[in-house]
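Below is one structure; the comments refer to it alone.
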Amino acid sequence: MPNACSKINSAYVGRFAPAPTGALHLGNARTFLLAWLRARSVSGSILLRLEDLDHPKVKRDAAAQAYDDLRWLGLDWDAGADSDSSYIQSNRLEIYRRYFNEFRERGLIYPCTCTRQDIQNAQSAPHPGEEMKYPNTCRGKYQSAEEAEAATGRAPAWRFLLPDEDFSFTDVFCGVQSNKPAEWSGDFVVAKGENLPSYQLAVVVDDALMGVTEVVRGDDLLLSTHRQLALYAALGFSPPDFLHVPLVVGSDGKRLAKRHGDTRISTLRERGVEAATVVGWLAATCGLAEFYEKLTPLNLLPRFALSKILLARAVVDDPAKKLLGIA
Ligand code: GLU
Ligand code: ZN
């Protein structure tokens, strides 16, 4: 098992969880830099888990490129998918299946045959984020997956019966997050098929089994955390701490993406931008450096303090152009 790894024995265990669905860009590199600084500032360990369940979006070579980009930036980790295949989610399907079976035996999940369109048609009011609320249409409807499939001709997904409870937590950075996900999420998908766990199930099982003590990730996942806490409770695992960091967004307020220019780390690197320039720029968007300082993650470590991190999402326009000295 991964946590048998002798390199992971510190009190603090953090993680990088890249999805090999696209290239590492300035946005996710910034989150990884913060996760690294946080862990190393308390002499903690970091593991790197490859979240490659999102077929068919997974791209060949994206994983190797991500490891390479992270190393180029000066980020390191103590155990991970590059050298130990048990940190690759697609190799862990049997483990997720065990928890899926447990949920099914305990009657905590049920088959759902609704299409996206069905759920869209059932919307009555806007909900937080861009989420659609699932109105629990299939709760109690079918006795088995076979029955669901026979009735509709569709292979069902599996939804978790979300208790009508508060799943609040105190985020290490964002503070108290009070929330009753049943009010806006409805029962959510834990598996798209018996052997296809969703992100929510896989991430909870992995963070728990791998001994992660604190999850550092982008604040676009704040709302997911409440649902994940419901799974921790159902599985009897104690949850890690959560530290959500503000994302970098374009001037349109949307998270950094292709429309904001090519911000891939590999492109900047190919065009001759130094790693220290990129790291310095990332640190500046967090409030940890001046713009255009050249820094390595190690240089930054003594300056790191959570209290210095800017609370607001950093707004940037075509950052690649700036880093390349074009604008
Ligand atoms: N694999 C997810 C992503 O790349 C991260 C999930 C997480 O940190 O919980 O967005
Ligand atoms: Zn349904």
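Every residue, every condition in (1) in a helix (DSSP H, G or I); (2) open to solvent by less than 20 Å² (accessible area, probe 1.4 Å), yes or no:
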residue	(1), (2)
Pro18	no, yes
Gly27	yes, yes
Leu33	yes, yes
Ala39	yes, yes
Ser43	no, no
Leu47	no, yes
Asp52	no, yes
Lys57	no, no
Asp68	yes, no
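Restricting to the stretch 70-80, name every residue that is assigned to a loop (DSSP other than H, G, I, E, B) and open to solvent by 10 Å² or more (accessible area, probe 1.4 Å).
Here is the first cut: in the stretch 70-80, the residues assigned to a loop (DSSP other than H, G, I, E, B) are 74-78.
Gly74, Asp76, Trp77, Asp78, listed by residue number.
Of Asp206, Asp187, Asp164, which residue is within 16 Å of ligand 1 (Cβ to nearest atom) and among the acidic types (Asp, Glu)? Going through Asp206, Asp187, Asp164 in turn, the sole match is Asp206. Among residues of the stretch 153-167 that are closer than 16 Å to Phe103 by Cα, those with a Cβ under 9 angstrom from a residue that is open to solvent by 80 Å² or more (accessible area, probe 1.4 Å) and part of a loop (DSSP other than H, G, I, E, B), sequence gap 6+ or separate chain, pair up as Arg159/Arg139; Leu161/Arg139. Being at pLDDT 95 or above and farther than 24 Å from Ile8 by Cα is a property that Ala208 lacks.
Take residues that are open to solvent by 60 Å² or more (accessible area, probe 1.4 Å) and within 16 Å of ligand 2 (Cβ to nearest atom) and tell me which of the helices (runs of 4 or more DSSP H) falling wholly in the stretch 142-248 contain 3 or more. Hits in the stretch 142-248: 145-152. Here is the figure for the stretch 275-316: residues that are among the aromatic types (Phe, Trp, Tyr) and either in a helix (DSSP H, G or I) or in contact (Cβ under 8 Å) with a residue 40 or more places away in the chain (or both) total 2. The number of residues in the stretch 245-280 that are of a type outside the set (D, E, K, R), at pLDDT 85 or above and more than 23 Å from the chain's Cα centre (by Cα) comes to 8.
Selection of the stretch 1-16 for residues being at pLDDT 90 or above and buried (at least 17 other Cβ atoms within 10 Å of the Cβ) yields Tyr12, Val13, Gly14, Arg15, Phe16. There is no residue in the stretch 291-313 that is open to solvent by less than 20 Å² (accessible area, probe 1.4 Å) and in contact with a Lys or Arg (Cβ under 6 Å, 6 or more places away or on another chain).
The values are calculated or read from the model by the stated rules, or taken from the named source; none is laboratory data. Being a predicted model, the structure only gives us computed values, none of them experimental. Heads up, the Cβs are rebuilt from the backbone with ideal geometry, glycines too, and the neighbour counts pull from every protein chain shown. To get the accessible areas, we keep the full protein, side chains included, count just its heavy atoms, and leave off ligands, DNA and RNA. Shrake-Rupley method; radii C 1.70, N 1.55, O 1.52, S 1.80 Å.
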